[in-house]
Amino acid sequence: MDRRLPPLLVAVFINIAGFSLILPLLPFYGQVFDAGPFEIALLFAAYSFGNVFGEIHWGRQSDVWGRRKVLAITTFVAGLSYFAFAFAPSLWAAIAIRIVSGFFSGTLGTCQGFIADVSPPERRAKTMGYFGAAFSLGFAFGPVIGGLFAGEAAVAASFRLPILIAGTFSILASLWCFVVLRDAVEPRGKGAPLPRYHEAFTFVGRQPLLRSLFVIGFFGIAAFASMEAIYGLWSEENFGWTAHDLGFAFLAIGGGGLVTQLLLIGPLAHRFGEARVILIGLAVLALAMLLQPVIRLPVAGVLLMGLLMAGHSLAFPSAGALLSRNTPPERQGGVMGLLMASNAVGRIIAPPLFGLIYEHGGHDAPWYLGAVMIALVALLAGLPAVRFSDRARAAAPSS
């Protein structure tokens, strides 16, 4: 592992722990404002709405300013937005703050650009696995902290302490990036022109493999985010879970991702290639969604969400690695930012729609719809990605 990578992984862990700390609280925090399933889904989607613009902007900006400077600035402002969120006076104020928070947290493309800077193409899937492991570890610990420090009553004061802790985590990540992180590639500097927005679109549009990867990311992340959005409401209805219970359930979700990233993704990618690993991940995702309402037991509710995260952790880091391998160095920040932005659009559109389906179409319907969506993505984009990837490898000059 490149010695410049561990500081980034620490920053990712701290930042994601702060972000994920809030997730199990949102269904219950929304109820403080008498929000229904649709409005609670809007709280999830608002963050992603800001993410769309953040990923495009900060991904491009990091090519000019450098990854370190962008990460230090954005995580600091995101931390301040958490503090504001803790004292939101109304639902719509909370939604607006979540948009701002999402914009300044839209730096996953920047992080993946850093990974591309420090890792050769043949090791990128394994290195993306380290990134995914740091993400999953933060995702595992954050919700537990949120659940432990949340109060029992459905009032705003019950949720302020964990949200303030989330903001503190983000500030710590900013300070860590500023003091410890070092750019692996010399930034182009203030005087250099930013890449034009349309360049990344044009580049991706001309590549069939990249188009397929964007489709996989968009619909796959949309389905995964929708399950996150309705999971708290669904488990409260079926199992009587509180924010505390949901926090520990999210530990299994993060644990499933962590085990997958550390133990499975590297060997599987080495043996089968990233494109086939994406297909395996999509199959696992669809299975987990299909079984959740069928089995309907508390222990299965936890284990299947861990399996859902395992499928997510196989498919989408592999998609990012394959995308990065087929993108030239000078376009890494812009294209990876565009990928994250595309994924964020999926997280904007889908959760409110699935919230409406949950509210009006039956509480189990989102699980079945999500499984069907992922199955179609595997057939219409996953299988073509395998073919395109095989052709690209066959056409590449042998070393």
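Just so you know, all these numbers are worked out from the coordinates, no wet-lab data involved. Given the structure is predicted, the values throughout are model-derived calculations rather than measurements. All Cβ positions, even for glycine, are placed from backbone atoms using ideal geometry, and neighbour counts span all protein chains on display.
For the chain, what relative contact order do you get, as a whole percent, if you take Cα pairs closer than 8 Å and at least 6 residues apart? Mind dumping the intermediate values first?
Values: 746 pairs, mean separation 115.0, N = 399.
With pairs under 8 Å counted, the relative contact order is 29 percent.
Ranked highest first by average number of other Cβ atoms within 10 Å, how do 297-303, 318-324, 277-283 line up?
Working: 297-303: 15.6, 318-324: 27.9, 277-283: 24.6.
Order by mean packing, descending: 318-324, 277-283, 297-303.
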Legend entry - Mean Cβ neighbour count within 10 Å, used as a protection proxy, ranking 263-271, 56-64 highest first: 56-64, 263-271
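What does the charge count near Ala395 come to, summing +1 for each Lys or Arg and -1 for each Asp or Glu among other residues with Cβ under 14 Å from its Cβ?
Its environment carries a net charge of +3.
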Legend entry - Under 9 Å, Cβ to Cβ, from Leu181 - net charge with Lys/Arg +1 and Asp/Glu -1: +3
Inset, instruction - Just need the relative contact order of the stretch 138-286 here, percent rounded to a whole number, with Cα pairs under 8 Å and 6+ apart. - result: 43
Inset, instruction - Specify which residue in the list Pro366, Gly255, Leu25 is farthest towards the positive end of the charge dipole of the chain, using unit charges on the beta carbon of Lys, Arg (+1) and Asp, Glu (-1), about the Cα centre. - result: Gly255
